[in-house]
Amino acid sequence: MLKILIVDDEPSILNILDFSLGAEGYEVIQASDGAKACEMAFEHQPDMIVMDVMMPIMDGYQACEKLKADSRTATIPVLLLTAKSAAEDHQQGKDAGADGYLTKPFSPQRLVELTDSFLGATSS
């Protein structure tokens, strides 16, 4: 079973992510800030990370940079999930090493499509 780390400081978003990805058969683990996300990624080696940008302690850009700079997690796809939709925000995500960018509000179906695409899976 493919494992996805979801990271957001809003419990309602975590619930949507967990339900949407869990319903597709993915194993989901959660973190509520970027620092915890890095710890969990190093420990659990997920197949993919879906991470909010605006979070306390360490934001998604910083966490993505840290994960991409570490050989243990450098190849794990990171999908940034955020309300920041300007071109410069997308560029900042790309510069941080993000593999994709999904703007809130998002369609759970689009989330699943992107996840399946990154992981080479197909939705049921």
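Rule-based calculations on the coordinates, nothing more; no lab input. This is a predicted model, so every value here is computed, not measured. Cβ: placed from backbone, ideal geometry, glycine included. Neighbour counts: every protein chain shown.
Examine region 50-62 for a residue that is among the charged types (D, E, K, R) and over 19 Å from residue 94 (Cβ atoms), and state whether such a residue exists. No, every residue in region 50-62 fails to be among the charged types (D, E, K, R) and over 19 Å from residue 94 (Cβ atoms). When 52, 59, 70 are checked against the criterion of being over 13 Å from residue 4 (Cα atoms) and touching a Phe, Trp or Tyr at 6+ places or on another chain (Cβ under 8 Å), 70 stands alone in meeting it.
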